[in-house]
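Below: one structure, written as structure tokens.
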Amino acid sequence: MLIRLSEIEDTQILKGEMDITQFPRTDDIDFRLLKPVSYELTVAKFDDTVTIDGPVSLAASLACGRCLEEFTIELSLTMSIKLVPKSELPDSPEMELHGEDLDVYYYEGDEIDVDPFIYEEVMLNMPVRPLCSEACKGICPQCGKNRNTEPCDCPETPLSILGDKLKSFLN
């Protein structure tokens, strides 16, 4: 969604949904959006500085990192970014970043496309190693059974010599 800065006096509310097709497949995280990403963002303009704040929510289907079963996750995120004109970008190739500098973006012209910021917020909040539950037992490395749904009689794999030493050290 494009916003025109010249049309914003103080604040503007952007409410809508982002089409699922705008989320290209990535090799890092395999997920499927179940419905469009919804947002209700407040765009505030102070001189040349623009802030975009508000909730973003979505439902996605992911594969568990332990048992490989599909599960649904609902995320409610809070987006908060600050945009300043590209002309204020420091010329120095090296500069020290502070915490407040991490959410600062730069824009050119009178239009800002909000969709890439929503996409980035969603991708940054997707779990890297998704789990269907914290208690997930995973798949048996020997017989391949899902330990959550069927019992496994395989013997416990012995620890390596290094593992035994580490275990004795920790106890």
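Under 5 Å between amide hydrogens, built in the peptide plane, is the criterion, and for Val56 it picks out Leu77, Thr78, Met79 among residues at least 5 positions away or on other chains.
The fewest-to-most ranking of Met126, Met1 by surrounding Cβ atoms within 10 Å reads Met1, Met126.
Would you please give the FRET efficiency between Asp164 and Leu75, computed as 1/(1 + (r/R0)^6) with r the Cβ-Cβ distance and R0 = 41 Å, to the nearest 0.05?
Between Asp164 and Leu75 the formula returns 0.50.
Pairs over the 25 Å Cα-Cα cut-off, from the set Lys15/Lys45; Lys45/Lys86; Lys35/Lys82; Lys15/Lys82; Lys35/Lys86: Lys35/Lys82; Lys35/Lys86. The fewest-to-most ranking of Phe169, Phe46 by surrounding Cβ atoms within 10 Å reads Phe169, Phe46. Amide hydrogen proximity for Asn148: with H placed 1.01 Å from N in the peptide plane, the residues at 5 or more positions away or on another chain lying under 5 Å are Lys137, Gly138. Estimated from the Cβ-Cβ distance and a Förster radius of 30 angstrom, the FRET efficiency linking Glu134 and Gln12 is about 0.15.
Suppose the chain between Ser38 and Asn148 were pulled fully straight at 0.36 nm per residue; how much longer would it get relative to their current alpha carbon spacing?
36.3 nm
Applied to the range 52-61, the Karplus parametrisation 6.51 cos²θ - 1.76 cosθ + 1.60 on θ = phi - 60° returns per-residue 3J(HN,Hα) values of 10, 9, x, x, 10, 10, 7, 10, 9, 10 Hz, with x for Gly and Pro.
Can you check what the net charge comes to around Ala44, using other residues whose Cβ is under 12 Å from the Cβ of Ala44 (Lys, Arg +1; Asp, Glu -1)? Cβ neighbours under 12 Å give a net charge of -2.
The label point for Leu68 and the one for Ile20, both projected 7 Å from the Cα toward the Cβ, are 2.4 nm apart. Relative contact order, whole percent, for the range 1-82 stands at 26, derived from Cα pairs under 8 Å and 6 or more residues apart.
Each value in this text was obtained by applying a stated rule to the coordinates, not by laboratory testing. Keep in mind that this is a model prediction, so the values were computed, not measured. Ideal geometry is used to build each Cβ from the backbone, glycine not excepted, and the neighbour counts take in all protein chains shown.
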